[in-house]
Amino acid sequence: LSIRIRPDNNNFEVRVWPTESMERVELSFPLNFSGTGVSQVIAILLAIMTVDNAVIVIDEINSFLHPAAAKTLLRIIQTQYMNHQYIIST
């Protein structure tokens with residue numbers, strides 16, 4: 001993710017990048033062009049990253065995320081944020 005000022009109207013824009021290098025802006029796209037799952041994952045990760053020793057409840061994860069994306073999110077939570085307890089409802 002990155003934030004830039006749009007050249008046409010000087011508003012802030014959040015951009016999603018498919019690569020880590022972020023070399024060519026034409027490869028990125030605005031967050032509002034992505035599905036709702038992307039913004040919900042960002043919100044979940046923000047909550048996990050900013051609160052210590054929390055219980056995180058994610059209700060019906062497969063209703064807003066592709067199964068592979070849900071699996072990746074859970075892997076990130078389990079490996080990077082082990083100090084939290086989490087409950088996943090299907």
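General remarks:
- For the chain, the longest principal axis of the C-alpha atoms and the axis of helix 36-50 are separated by about 70°.
- Working from the Cα coordinates of the chain, the gyration tensor eigenvalues give, after taking √(5λ), semi-axes of 28, 14, 13 Å in decreasing order.
- Charged-residue dipole, Cβ positions (Lys, Arg, Asp, Glu), the chain about Cα centre, Debye nearest 20: 100 debye
- Taking every DSSP helix (H) stretch of at least 4 residues in the chain, weighting each as -39,500 (n - 2.57) and dividing the sum by the residue count yields a mean residue ellipticity at 222 nm of -10500 deg cm²/dmol.
- Where a label projected 7 Å from the Cα of PHE29 along Cα→Cβ would reach, residues of the stretch 54-87 with amide N under 14 Å: none
- Our estimate of slack between GLN85 and ILE42, defined as 0.36 nm per intervening residue step minus the Cα-Cα distance, is 13.7 nm.
- Relative contact order (%) - the chain, alpha-carbon pairs under 8 angstrom, separation at least six: 22 percent
No value in this document is a laboratory result; all are computed from the given coordinates. Keep in mind that what you see is a predicted model, and the values were worked out from it rather than measured. Because the Cβ atoms are built from the backbone with ideal geometry, glycine has one as well, and the counts that use them run over all protein chains shown.
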